[in-house]
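The values are calculated or read from the model by the stated rules, or taken from the named source; none is laboratory data. None of the values given here were measured: they were computed from a predicted structure. Virtual Cβ from ideal backbone geometry, glycine too; neighbours counted across all protein chains shown. Ligands, DNA and RNA are excluded from the accessible area calculation, which covers all protein heavy atoms including side chains. Shrake-Rupley method; radii C 1.70, N 1.55, O 1.52, S 1.80 Å.
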Amino acid sequence: MTVRAEKTGFWRSHYAVTLDGRPAATFDSSTWRGGGTFETRDGRSYRVVARRFGSHYELCRVLGSDDVLSEPLAVAERVGRRNWSISESDGTTYRFRRRSFWGSEQDLLGPDGMPVGEVRRLSVWRGGARAELPRMAEELQVFVVAVVICMWDAQAAGATAAAG
């Protein structure tokens, strides 16, 4: 299943997410505090919560209109490092590895350590991502793409601050 997240405007951090070309979710990233929110096509709302300076993210369901969050459904750890992972609340763990030191591509690794999926940048200029993430639930695929977009945004903001 192919996941695509495309920016809906040049200056905004709003993404339209599709699964195999079908609209699946919208994602709003919060560049200044990390994380963001997304809503799936069936109306369920989720929040991606950034913790520990953007190296730890949690996927929580938004319960009701009071912004009450569920316990984490999945947790991404060591984001931004060469090797990082996502663990679901049932104990299932997905391992990722940045393909190269200078690159932004992320490989989903199988039990044998070989790549079985990937997340790639759509465009250096416009942002966005394309992912192949087999055997993952729809909301988890959106979470992976959202975490990677947040990581790329944080890296870009850090590079801009260092240059200025």
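Some observations on this one:
- Segment 62-76 - residue that is open to solvent by less than 70 Å² (accessible area, probe 1.4 Å), out of contact with any Ser or Thr (no Cβ under 6 Å at 6 or more places or on another chain) and not polar (S, T, N, Q) and, of those, nearest to Gly35 (Cα to Cα): Ala76
Yes/no matrix, rows are residues, columns are (1) modelled with pLDDT of 95 or more; (2) farther than 17 Å from Phe143 by Cβ:
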site	(1), (2)
Val49	no, no
Leu59	yes, no
Asp66	no, yes
Trp84	yes, no
Met114	yes, yes
Val119	yes, no
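- Pairing residues of segment 1-28 that are under 18 Å from Pro134 (Cβ atoms) with residues that are β-branched (Val, Ile, Thr) and open to solvent by 20 Å² or more (accessible area, probe 1.4 Å), at Cβ distances under 7 Å and at least 6 apart in sequence or on separate chains, gives Arg4/Thr18; Val17/Thr26; Asp20/Thr2; Ala24/Thr18.
- Selection within segment 86-107 - open to solvent by less than 30 Å² (accessible area, probe 1.4 Å) and either modelled with pLDDT of 95 or more or under 14 Å from the mean Cα position of the chain (by Cα) (or both): Ile86, Phe96, Ser104, Gln106, Asp107
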